[in-house]
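Colleague: Pasting in a structure now, in C-alpha cells, and then I'll have a few things to ask.
The values are calculated or read from the model by the stated rules, or taken from the named source; none is laboratory data. Bear in mind the structure is a predicted one, so any value in this text is a computation, not a measurement. Using ideal geometry, Cβ is built from the backbone for each residue, glycine included, and neighbour counts are taken over all protein chains shown.
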Amino acid sequence: MTSEELKKFAKEVVGVDAIGIAPIERFETAPEYMHPRQIFPGVKSVIVFTRRILRGCYRGIERGTHWPSYQVFAYAGLTKLVHQANYRIGRFIEDHGFEAVPAPPAATLKEAGPRGPVPEGGKYPRNINISARIAAVMAGLGEMGWSKVLLTDDFGPRQRLGIILTDAELEPDPVRIGHICDGCKLCVRDCPGNAIDKEKSIEIKAGGKTWRCNDLNIGRCKLTHFGLNRRTSPHFVKTFPGIVLPMMEQGNTWVEGWNFGHALFDALPTYKAFSAYPIAICGARGCIISCMNHLEKRKRIKNLFKRNFTDEKPWMLEEKPQKFHEDHHGFVYDPEDKEGFGGNVQSDWY
Ligand code: SF4
Ligand code: SF4
C-alpha cells in the first residue's frame with residue numbers, strides 16, 4: 001500500500017476532501033499526554049483527513065433565524081460522516097496488513113481526563129488526546145490561523161478532521177504554513193465570547209516549524225459555544241431572562257464550562273429540540289464565519305462562490321437585560337427602541 005493508493009481510495013471512493021500524512025518523528029516535541037505513541041506504540045504514520053462543512057450550513061445561524069442546519073449538518077451529521085470515513089479508510093489499511101487506529105478528535109485537554117496530575121517517572125498518562133489541528137499541520141493539510149483553527153488552502157476554516165494512526169510507513173506530505181492567515185484579526189472582533197485574544201499568543205513548535213496563535217480562552221469559548229452567552233443566544237435569554245454571565249468576567253476552565261452547559265441543558269427546551277447535547281449555538285461566527293468570509297473575499301482560499309457570503313457584521317445581542325425585560329417574557333422586540341442596539345446589535349426576539 002503506497003501513500004498514493006491510500007489517498008486515491010480515500011478521495012475517490014470514500015469522498016474525503018483532503019488527506020495528508022505525517023511521519024511520527026514530527027511529533028517528537030509533543031507532550032507525553034498528547035503523543036500518538038501513547039495510544040499506539042508501533043505507530044509510524046499519522047494520517048489526517050478532512051470533510052468540508054458546507055458553506056450553506058452557516059446560513060440562518062449567521063442571521064439569527066435558524067440554528068438546526070448548522071447543528072445537524074455541520075456538527076452531528078458531519079461528525080458521523082467523518083467517523084464513517086475513518087472506518088472505511090481504516091478497513092482499507094487493515095486489508096493491506098497494517099493496523100489502523102482511529103483517534104477521533106476529542107477534547108484535547110489534560111483536564112478532560114480522569115482527575116489527578118499527569119503521572120511522572122515513566123508511567124503512562126491516563127488520558128491521551130492528540131491535538132487534531134497540530135496533527136493536521138504536521139500532515140501538510142494547512143496551518144493554524146491566529147484563531148487557532150486549522151485553515152486549509154481549499155476551505156479556510158471550514159472543515160472537520162479525522163485521524164488514523166498506522167504502523168504503515170507511508171510517504172509523508174510536506175508541512176506548509178504561513179500563507180493563509182493574514183493576521184486580519186476579524187476572528188477576534190467577531191468572537192462573541194471574547195475568547196480569541198487580540199495580542200496574547202502562544203508558541204507552537206512541531207515538526208521543525210514554529211508558529212504563534214492567540215492564547216485562546218477555551219473556557220469562555222465553551223460557555224458561548226454551548227449557548228450560555230446572551231450575546232449570541234436568544235434561547236438562553238428567553239429561558240433565563242434575568243441571568244447574566246458577562247463573558248469578560250468568567251474565569252472558568254473548559255471542563256467547568258462543559259459541566260455547566262450540560263447541567264443547564266435540561267432546562268433549555270430549544271436546545272433539546274436541536275440536539276441531544278448542548279453545542280454549536282455560537283455558530284463559530286468569529287473563528288469560522290468571519291474568517292471564511294474574509295479569506296474568500298481576499299481570494300486566499302480556493303473554494304470560492306459566485307456570491308459573497310455576507311457584507312454584514314455578525315449580529316449580536318446585548319449582554320445585559322434591557323428595559324424590555326420588565327415584562328419578563330424573554331427577549332421582546334421593542335420597535336421604539338432606537339438606542340443601544342446600533343451597529344450589529346439586534347433586539348427582535350421574543
Ligand atoms: S480571521 Fe484573519 S486573523 Fe483570524 S485566523 Fe482568519 S485570517 Fe487569521
Ligand atoms: S466558537 Fe464562538 S466563542 Fe468560540 S472562538 Fe469561535 S467565535 Fe469565539
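Colleague: Checking residue 284 against (1) farther than 19 Å from residue 154 by Cα; (2) within 13 Å of ligand 2 (Cβ to nearest atom), which test does it fail?
Modeller: Of the numbered conditions (1) farther than 19 Å from residue 154 by Cα; (2) within 13 Å of ligand 2 (Cβ to nearest atom), the odd one out for residue 284 is (1).
Colleague: Still on this structure, I have one more. Which residues, counting only those in the stretch 277-294, are closer than 19 Å to residue 220 by Cβ and either at pLDDT below 95 or out of contact with any helix residue (DSSP H, G or I) (no Cβ under 6 Å at 6 or more places or on another chain) (or both)?
Modeller: To start, the set of residues in the stretch 277-294 that are closer than 19 Å to residue 220 by Cβ comprises 278-291.
Answer for the stretch 277-294, where residues must be closer than 19 Å to residue 220 by Cβ and either at pLDDT below 95 or out of contact with any helix residue (DSSP H, G or I) (no Cβ under 6 Å at 6 or more places or on another chain) (or both): 278, 279, 280, 281, 282, 283, 284, 285, 288.
Colleague: Looking at (1) buried (at least 21 other Cβ atoms within 10 Å of the Cβ); (2) over 20 Å from the mean Cα position of the chain (by Cα), which is the one condition that is false for residue 35?
Modeller: (1)
Colleague: Restricting the stretch 256-281 to residues that are touching a residue at least 12 places away in the same chain (Cβ under 8 Å) and more than 20 Å from residue 75 (Cβ to Cβ), which is nearest to ligand 2 (Cβ to nearest atom)?
Modeller: 256
Colleague: Taking the condition at pLDDT 90 or above and either within 10 Å of ligand 2 (Cβ to nearest atom) or surrounded by 20 or more Cβ atoms within 10 Å (Cβ to Cβ) (or both), does residue 297 pass? If you could, list the steps in order and put the result at the bottom.
Modeller: On the way: at pLDDT 90 or above: yes; either within 10 Å of ligand 2 (Cβ to nearest atom) or surrounded by 20 or more Cβ atoms within 10 Å (Cβ to Cβ) (or both): no.
Criteria not met by residue 297.
Colleague: Here are some conditions: (1) touching a residue at least 40 places away in the same chain (Cβ under 8 Å); (2) farther than 30 Å from residue 318 by Cα; (3) assigned to a loop (DSSP other than H, G, I, E, B); (4) not small (Gly, Ala, Ser). Residue 192 meets all but one. Which one does it not meet?
Modeller: (2)
Colleague: Ok, one more. Restricting the search to the stretch 186-236, which residues are crowded, with 24+ Cβ neighbours inside 10 Å, away from ligand 1 (no atom under 16 Å from the Cβ) and among the hydrophobic types (A, V, I, L, M, F, W, C)?
Modeller: Hits for the stretch 186-236 are 223, 226, 228, 236.
Colleague: Looking at (1) more than 16 Å from residue 145 (Cβ to Cβ); (2) away from ligand 1 (no atom under 16 Å from the Cβ), which is the only condition residue 175 fails?
Modeller: Condition not satisfied by residue 175: (1).
Colleague: Which one is farthest from ligand 2 (Cβ to nearest atom), of the residues in the stretch 222-243 that are in a loop (DSSP other than H, G, I, E, B) and either among the acidic types (Asp, Glu) or within 20 Å of residue 283 (Cα to Cα) (or both)?
Modeller: Going residue by residue through the stretch 222-243, those that are in a loop (DSSP other than H, G, I, E, B) are 226-233, 240-243.
Now narrow it down to the ones that are either among the acidic types (Asp, Glu) or within 20 Å of residue 283 (Cα to Cα) (or both): 226-233.
Details: 226: 10, 227: 11, 228: 11, 229: 7, 230: 13, 231: 10, 232: 8, 233: 11 Å.
Applying the filter and picking the extreme gives 230.
Colleague: Considering only residues of the stretch 256-294 that are within 16 Å of ligand 1 (Cβ to nearest atom) and polar (S, T, N, Q), which is surrounded by the most Cβ atoms within 10 Å (Cβ to Cβ)?
Modeller: Taking the stretch 256-294 first, the residues within 16 Å of ligand 1 (Cβ to nearest atom) are 282-294.
Keeping just the survivors that are polar (S, T, N, Q) gives 290, 293.
Details: 290: 26, 293: 23.
Of everything passing the filter in the stretch 256-294, 290 is surrounded by the most Cβ atoms within 10 Å (Cβ to Cβ).
Colleague: Hey, could you check the stretch 158-176 for residues that are within 30 Å of residue 281 (Cα to Cα) and either away from ligand 2 (no atom under 16 Å from the Cβ) or modelled with pLDDT under 95 (or both) and say which is farthest from the chain's Cα centre (by Cα)? Show your work before the answer.
Modeller: The first filter runs over the stretch 158-176 and keeps only residues within 30 Å of residue 281 (Cα to Cα), leaving 158-164.
Next, only the ones that are either away from ligand 2 (no atom under 16 Å from the Cβ) or modelled with pLDDT under 95 (or both) stay: 162-164.
On the way: 162: 13, 163: 15, 164: 19 Å.
Within the stretch 158-176, the match that is farthest from the chain's Cα centre (by Cα) is 164.
Colleague: Moving to a separate point now. Exactly one condition in (1) at pLDDT 95 or above; (2) over 23 Å from residue 283 (Cβ atoms); (3) in a loop (DSSP other than H, G, I, E, B); (4) touching an Asp or Glu at 6+ places or on another chain (Cβ under 7 Å) is not met by residue 125; state its number.
Modeller: Going through (1) at pLDDT 95 or above; (2) over 23 Å from residue 283 (Cβ atoms); (3) in a loop (DSSP other than H, G, I, E, B); (4) touching an Asp or Glu at 6+ places or on another chain (Cβ under 7 Å) one by one, residue 125 breaks only (1).
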